[in-house]
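The values are calculated or read from the model by the stated rules, or taken from the named source; none is laboratory data. This is a predicted model, so every value here is computed, not measured. Quick reminder, even Gly has a Cβ in these numbers, built from the backbone with ideal geometry, and neighbours come from all protein chains shown. The protein model used for the area step is the full one, side chains on, heavy atoms only, and it has no ligands, DNA or RNA in it. Shrake-Rupley method; radii C 1.70, N 1.55, O 1.52, S 1.80 Å.
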Amino acid sequence: MLFEQIARNKRHTFYVMAAFVVLVAVIGMAVGYVFFDNTVAGLLMAIIVAAVYMAIMIGQSTDVVMGMNHARELHGADDDPELWHTVEDMALVAKVPMPRVFIIDDDSPNAFATGNNPQHAAVAVTTGIQARLNREEMEGVIGHEMTHVRNYDIRLQTIALALTAAISLLVNWGMNAFWWGGGRRRRDDDRDGNGAQALLMILAVVVIILAPLAASLVQLALSRNREYLADAGSVELTRNPVGLINALEKIDDSQPMQQADPSSAALYISDPFKAKKSWAHLFDTHPPMADRIARLKKM
């Protein structure tokens, strides 16, 4: 069950990322049609914009994310021996370098990992999770975060964020082009009876309008899938699903965080804001906690 779930979630991730790439290409072509009257030019523009955004996002320092979440760094085992050694032990089991360790002063139990790659990763936990979880449960949580690091989920989320930002920029360009003169020649052609041009223009505008929503849905689907995979990875590392099950139950039975940054919500092991679950879970940043626990109990 464990390795079947890991393989299944990896396949799902591939499909989601492929959908993201296709979405960027389609939006670029739509914007190119509206702006340049050339879908190929739009596609090339989308590729360039996405590449630039990814380079910028991947190059950003972990300190930015930690600063947004008001985290303070531990500089050695003497600062917090129990937490430091727990992270050190799980990093050793996961066969990844020791990440930087941060603490967030917040009574709500939660944790997250970030960084560009396993060599430049960081883990943050709240004071609330330290107060409520025992060593076994904390190992389950840190194992979850080390799986994110080992599987390059931290980079996947960064790429997804960059692609979403690129889509937003392309959409802004497309809408500005449409409202401020883009496609004017085609509209003149439409008055001459070219119905095909009118239909293509309508389809392009619809794609541009719906693009931000589609990008958000794909990004959230990726986040939810990687949470399932990280749960399974934690069990693989600790050989103890009970620890993570108990930890998730305690995390679920808690108040929202006060210090979390909204743009970092998907990074946390659980939704830090305890938002009401949306219709069909399409807009949830995390899978339902009951589903995650049920899967763990089957392992």
- Message: Computing the accessible area with a 1.4 Å probe over protein heavy atoms, can you report the carbon and sulfur percentage for the chain?
- Response: 61
- Message: I want to verify a result. In a Gaussian network model of the chain, Cα cutoff 10 Å, which of these has the top mean-square fluctuation: D78, D106, D37?
- Response: D78
- Query: Just R239, R224, R150 to compare: in a GNM of the chain, with alpha carbon springs under 10 Å, which one fluctuates most?
  - Reply: R239
- Considering only segment 9-156, what is the antiparallel percent among its DSSP beta bridges, to the nearest 5? 65
- Task: Find the centroid of the Cα atoms in segment 151-172 and in segment 215-235, then give the distance between the two in whole Å.
- Result: 15
- Query: segment 52-77 to segment 81-123: how many Å between their Cα centroids?
  - Reply: 13
- Rounded to the nearest 5, the percent of DSSP beta bridges in the chain running antiparallel is 65
- Taking the chain as a Gaussian network, Cα atoms linked when under 10 Å apart, which of G143, G76, G42 shows the biggest mean-square fluctuation? G76
- Which log10 I(q)/I(0) values, to two decimals, does segment 1-144 give at q = 0.10, 0.11, 0.12 Å⁻¹ under the Debye formula with one point per Cα? -0.53, -0.61, -0.69
- Using +1 on the beta carbon of Lys and Arg, -1 on that of Asp and Glu, and nothing else charged, what's the dipole of segment 12-96 about the Cα centre, debye to 20? 640
- Task: State the number of lysine pairs found in the chain whose Cα atoms come within less than 21 Å, restricting to pairs 8 or more positions apart or on distinct chains.
- Result: 8
- Length gained when the stretch F36-A275 is fully extended (0.36 nm per residue, less Cα-Cα span): 81.9 nm
- Task: Classify segment 105-150 as rounded, prolate or oblate from the Cα gyration tensor: take a ≥ b ≥ c as the square roots of its eigenvalues, call it rounded if a/c is under 1.5, otherwise prolate when a/b beats b/c and oblate if not.
- Result: oblate
- Dipole magnitude of the chain about its Cα centre (Cβ charges: Lys, Arg +1; Asp, Glu -1), debye to nearest 20: 1160
- Task: Determine the per residue accessible area of the chain with all protein chains present and a 1.4 angstrom probe, expressed in square angstrom.
- Result: 46
- Query: Which of L43, A131, A7 sits closest to the plus end of the dipole of the chain, meaning its Cα is farthest towards the positive end, when Lys and Arg get +1 and Asp and Glu get -1 on the C-beta?
  - Reply: L43
- Query: Of the labelled options [x] 225; [y] 148; [z] 133, which one gives volume of the Cα convex hull per residue in Å³ as computed for this structure?
  - Reply: [z]
- Sorted by accessible area with a 1.4 angstrom probe, largest first, how do I56, I159 fall? I56, I159
